[in-house]
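Right, one structure below, let's go through it.
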């Protein structure tokens, strides 16, 4: 039996990014860029106004106040999207809207609420002085031409998508999304919506795993529930390995007489490892069929989700060329004592809060591998390494956050 770190290293060492392709701007959210994104021009491209008001020469309005306003001649109106036709001279102002280009000669903008001016009148009163550069967005203050904006391997959030759009781009080069085949197995599993037969439970794993796969940016191909029939399992595994980039199975990898998934994988392809020194998720199987990674997850719902989070998520992100494939880890003070068996890694579902300048963590409650509500209530996984023999209240622990 191998350690958690050895098992995950073995799983990830042979994974390479899939070929990249172009993706439309409207479909970029959540995708991982396959090349650096660099600016081809300044943003803003010219000095522009940060608000509605009047473009002025700052020295013209020095000392202006409500008691002693400065009157300027309004020579032009410049809405956003139009270039000023006139240059500003001393004693003059140009009415300007937010985003409009700053006229030549102007060096500041007075907000409209600090003026008295009517649209039909060619003069305006300035009620407050401003410094040079006030309310002016300088050319290139956001982005300069040639600037590296988004690094290869970044997963795109709405703000990165907006930044790409601001460059005038309609598409970007992204990594291919892996297609992941998901198979549930076992006579005891029924599809939601179907009547339960005696001894059966509803199949939660196919949907929780599917959600985790989608959250990691991959696509799901659902092969449904396969009964405990070795030939049928082998047939479905072969089909999934032909059609998908990765195959995930749920159940059938323990030591029972009806745990046939492990046997099918061994007969069809190569078994790289089986069983890991961890809790939950000891009966994890990993191998290949026709060169395609096959991950055999345990059947218990918490074990399945924890193993998927710790192994499958980084595998899928690496397959997409992601820069960061692991979740953020923080240190926290444990709010309780925890007993632990040495020589295995344990993943405990924990609630985490920030209090008095530090993270504090407590367990969600019972930690059984069938208690799916422990995952629902958790903010992250408290990870106790092999060498840890237990935790006392107030001890510092590592927590990997889900958010």
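Table for the structure above
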item: Residue under evaluation residue 300, criteria (1) assigned by TED's automatic domain parsing to the domain that holds residue 213; (2) within 19 Å of residue 214 (Cα to Cα), criterion not met; result: (2)
item: Output for segment 317-334, where each listed residue is under 22 Å from residue 280 (Cα atoms) and surrounded by fewer than 19 Cβ atoms within 10 Å (Cβ to Cβ); result: 325, 326, 327, 328, 329, 330, 331
item: Residue in segment 79-91 that is in contact with a strand residue (DSSP E or B) (Cβ under 8 Å, 6 or more places away or on another chain) and part of a strand (DSSP E or B) present; result: no
item: Test for residue 158: is it within 30 Å of residue 22 (Cβ to Cβ) and in contact with a strand residue (DSSP E or B) (Cβ under 8 Å, 6 or more places away or on another chain); result: no
item: Candidates 63, 30 - the one that is part of a loop (DSSP other than H, G, I, E, B) and in contact with a strand residue (DSSP E or B) (Cβ under 7 Å, 6 or more places away or on another chain); result: 30
item: Residue among 279, 262 that alone is in contact with a strand residue (DSSP E or B) (Cβ under 7 Å, 6 or more places away or on another chain) and modelled with pLDDT of 95 or more; result: 279
item: All strands (runs of 3 or more DSSP E) inside segment 301-403 with 1 or more residues being in contact (Cβ under 8 Å) with a residue 60 or more places away in the chain and in contact with a helix residue (DSSP H, G or I) (Cβ under 8 Å, 6 or more places away or on another chain); result: 345-355, 380-384
item: Residues within segment 115-129 that are more than 15 Å from residue 60 (Cα to Cα) and either touching a residue at least 60 places away in the same chain (Cβ under 8 Å) or crowded, with 18+ Cβ neighbours inside 10 Å (or both), tallied; result: 1
item: Test result for residue 287, assigned by TED's automatic domain parsing to the domain that holds residue 215, at pLDDT below 95 and either in contact with a helix residue (DSSP H, G or I) (Cβ under 8 Å, 6 or more places away or on another chain) or surrounded by fewer than 23 Cβ atoms within 10 Å (Cβ to Cβ) (or both); result: no
item: Filter result (within 26 Å of the chain's Cα centre (by Cα), crowded, with 18+ Cβ neighbours inside 10 Å and free of Cβ contacts under 8 Å to residues at least 60 places away in the same chain) within segment 181-209; result: 206
item: Test: residue in segment 266-276 that is crowded, with 23+ Cβ neighbours inside 10 Å, closer than 20 Å to residue 344 by Cα and not assigned by TED's automatic domain parsing to the domain that holds residue 374; result: yes
item: Subset of segment 97-110 [over 14 Å from residue 82 (Cβ atoms) and either free of Cβ contacts under 8 Å to residues at least 12 places away in the same chain or surrounded by fewer than 17 Cβ atoms within 10 Å (Cβ to Cβ) (or both)]; result: 104, 105
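The values are calculated or read from the model by the stated rules, or taken from the named source; none is laboratory data. Everything quoted here is computed from the prediction, not taken from an experiment. Glycine also receives a Cβ, built like all others from the backbone with ideal geometry; neighbour counts cover every protein chain displayed.
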